[in-house]
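Peer 1: Mind looking over this structure? Questions follow.
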Amino acid sequence: MRQKVILITGANGEVGHGLIQQLSEMRNMPPVIVLDIRGLDESMRPRVYETIVGDILDGALLDKLINEYEIETIYHLAALLSTHSEFNPETAHKVNVQGTVNLLHMATEQSRLRGEPVKFVFPSSIAVYGLPDLPTKAEAGAVNEEQYLNPTTMYGCNKLYCEHLGRYYAFHYRQLAVTDEPYRIDFRAVRFPGLISVLTLPTGGTSDYAPEMLHAAAQGKPYACFVREDSRIPFMAMPDAITALLTLAQTPAERLSRRVYNVTSFSPTAGEICDLTLAAFPQARISYEPHLKRQAIVDSWPGDLDDSAARQDWGWQPKYDLRAAFEEYLIPTIVQRYR
Ligand code: SER
């Protein structure tokens, strides 16, 4: 008998850490194995069954994993974020798209082996949207899943295409084969807004100004924000992002009216994030030095997301609004972290 497990790719990133923590504290969950090119931080290792240091582009490694384990659910988090991807778009495409195809294929093989669909949970992003200009962004308000799907970044293109691939592998894979594929995968995705965590800093994203501002202030370091004070995109506190992934994974398939869902919590301007940061750290030195090209990416992302489908289908409800996120989670926890 192969050991039944949950696989997390890109587990050493900030979503991965949060997810490992939660999963390891839940009852009746299979143990977690992780795959990350950077390995896994020492502090996280006692919470997982096995750490595999490796690349999602390594097909032989993925084959070995499905022969060794019965993988019940995959959280495929490994990706290069939006800013990082613009410096090397072809590498980003390889990691973000080919890496995802490898995992989708592996999940399909695994579904056949175990005679039951593997659940494939995929974090997509607000980067799949592309609004043409600021007046359109202001007028659009909360954007639903079908609107403005014209991403301007490689990362956004990759995420949008991988959502389609997920749907393909779930419902149409090898549709012309003589015998029907009996066990396709069970694909589910959430489009995340910018995420703010106190435990880790993101690397290579374009929504990073919010967490960077807060972490700099908590450490008494000056921070020059790379977008204008009036820039607005949706954000979410990390614990809510983890809840979204876990809740979507656990919802019975018949309740899902779609496979890709917006989720969001609050939509502050950079100035409002700055004000809340200053309220907690009055000595913080925060200035604005917009980087015009990163600014253009943020300006192309929606100011708000319509997440009513997630609310209706699987009871999505963030725990933290903007004030609660700062007062109950971000500030108290970050003060402890840098004490
Ligand atoms: N946080 C991501 C980024 O900035 C967006 O999903 O790239």
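Peer 1: Hey, any hits in region 133-145 for a residue that's within 18 Å of the chain's Cα centre (by Cα), part of a helix (DSSP H, G or I) and of a type in the set (Gly, Ala, Ser)?
Peer 2: No, there is no match, as no residue in region 133-145 is within 18 Å of the chain's Cα centre (by Cα), part of a helix (DSSP H, G or I) and of a type in the set (Gly, Ala, Ser).
Peer 1: If Ser207 satisfies all but one of (1) open to solvent by 10 Å² or more (accessible area, probe 1.4 Å); (2) more than 16 Å from the ligand (Cβ to nearest atom); (3) small (Gly, Ala, Ser), what's the number of the condition it fails?
Peer 2: (2)
Peer 1: Can you pull out the residues in region 207-230 that are in contact with a Phe, Trp or Tyr (Cβ under 8 Å, 6 or more places away or on another chain) and either among the charged types (D, E, K, R) or closer than 24 Å to Tyr129 by Cβ (or both)?
Peer 2: Ser207, Tyr209, Ala210, Glu212, Met213, Cys225, Phe226, Val227, Arg228, Glu229
Peer 1: With the checklist (1) without any contact (Cβ under 8 Å) to a residue 60 or more places away in the chain; (2) over 25 Å from Ala237 (Cβ atoms) in hand, flag the one item Met44 doesn't pass.
Peer 2: (2)
Peer 1: Count, please, the residues in region 218-229 that happen to be of a type in the set (Gly, Ala, Ser) and either within 27 Å of Met154 (Cβ to Cβ) or over 25 Å from the mean Cα position of the chain (by Cα) (or both).
Peer 2: 2
Peer 1: Please verify whether region 5-24 includes one or more residues that are within 27 Å of Tyr173 (Cβ to Cβ), part of a loop (DSSP other than H, G, I, E, B) and touching a residue at least 24 places away in the same chain (Cβ under 8 Å).
Peer 2: yes
Peer 1: Within region 151-193, work out how many residues are away from the ligand (no atom under 16 Å from the Cβ) and closer than 19 Å to Val263 by Cα.
Peer 2: So the count comes out to 5.
Peer 1: Filtering region 1-49 down to residues that are open to solvent by less than 50 Å² (accessible area, probe 1.4 Å) and charged (D, E, K, R), which residue is nearest to Ala244 (Cα to Cα)?
Peer 2: Of everything passing the filter in region 1-49, Glu14 is nearest to Ala244 (Cα to Cα).
Peer 1: Tell me which residues, restricted to region 150-188, are open to solvent by 50 Å² or more (accessible area, probe 1.4 Å), part of a loop (DSSP other than H, G, I, E, B) and not hydroxyl-bearing (Ser, Thr, Tyr). Walk me through how you get there before you give the answer.
Peer 2: Step one: of region 150-188, the residues open to solvent by 50 Å² or more (accessible area, probe 1.4 Å) are 150, 152, 157, 161, 164, 167-168, 171-172, 174-176, 178-180, 182-184.
Adding the requirement that they be part of a loop (DSSP other than H, G, I, E, B) leaves 150, 152, 172, 174-176, 178-180, 182-184.
Across region 150-188, the qualifying residues are Asn150, His172, Arg174, Gln175, Leu176, Val178, Asp180, Pro182, Arg184.
Peer 1: Out of region 92-122, which residues are among the β-branched types (Val, Ile, Thr) and away from the ligand (no atom under 16 Å from the Cβ)?
Peer 2: Val101, Thr108, Val118
Peer 1: A follow-up question, please. Quick check, is Glu42 out of contact with any strand residue (DSSP E or B) (no Cβ under 6 Å at 6 or more places or on another chain), away from the ligand (no atom under 16 Å from the Cβ) and under 30 Å from Ala296 (Cβ atoms)?
Peer 2: Criteria not met by Glu42.
Peer 1: Which pairs turn up if I take residues in region 114-136 that are open to solvent by 40 Å² or more (accessible area, probe 1.4 Å) and look for partners that are within 16 Å of the ligand (Cβ to nearest atom) with beta carbon separation below 6 Å, at least 6 apart in sequence or on another chain?
Peer 2: Leu134/Asp299
Peer 1: Tell me yes or no: at least one residue of region 79-90 is more than 16 Å from Val190 (Cβ to Cβ) and modelled with pLDDT under 95.
Peer 2: No, that holds for no residue.
Peer 1: With (1) more than 14 Å from the ligand (Cβ to nearest atom); (2) under 22 Å from Phe187 (Cβ atoms) as the list, and Ser125 as the residue in question, which single condition is left unmet?
Peer 2: The one condition Ser125 does not meet is (1).
Peer 1: Moving on to the next point. What's the number of the condition Ala140 fails, among (1) more than 15 Å from Leu305 (Cα to Cα); (2) in contact with a Pro (Cβ under 8 Å, 6 or more places away or on another chain); (3) more than 13 Å from the ligand (Cβ to nearest atom); (4) of a type in the set (Gly, Ala, Ser)?
Peer 2: (1)
Peer 1: Is there a residue in region 71-87 that is touching a strand residue (DSSP E or B) at 6+ places or on another chain (Cβ under 8 Å), more than 15 Å from the ligand (Cβ to nearest atom), part of a loop (DSSP other than H, G, I, E, B) and among the hydrophobic types (A, V, I, L, M, F, W, C)?
Peer 2: Within region 71-87, none of the residues are touching a strand residue (DSSP E or B) at 6+ places or on another chain (Cβ under 8 Å), more than 15 Å from the ligand (Cβ to nearest atom), part of a loop (DSSP other than H, G, I, E, B) and among the hydrophobic types (A, V, I, L, M, F, W, C).
Peer 1: Then there is this: For a quick check of your reading of the model, give me the residue pairs whose first member lies in region 73-94 and is farther than 8 Å from Tyr155 by Cα and open to solvent by 50 Å² or more (accessible area, probe 1.4 Å), whose second is modelled with pLDDT under 95 and within 9 Å of the ligand (Cβ to nearest atom), with beta-carbon atoms closer than 8 Å and at least 6 apart or on different chains.
Peer 2: Filtered contacts from region 73-94: His84/Gly204.
Peer 1: Ok, one more. Which of the residues that make up region 195-204 are surrounded by 21 or more Cβ atoms within 10 Å (Cβ to Cβ) and either within 9 Å of the ligand (Cβ to nearest atom) or part of a loop (DSSP other than H, G, I, E, B) (or both)?
Peer 2: Leu195, Ser197, Val198, Pro202, listed by residue number.
The values are calculated or read from the model by the stated rules, or taken from the named source; none is laboratory data. As the structure is a computational prediction, the values presented were derived from the model and not from experiment. A quick note on method: Cβ atoms are made from the backbone with ideal geometry, for glycine too, and the neighbour counts reach across all protein chains shown. Heads up: the accessible areas ignore ligands, DNA and RNA and are worked out on the full protein's heavy atoms, side chains in. Shrake-Rupley method; radii C 1.70, N 1.55, O 1.52, S 1.80 Å.
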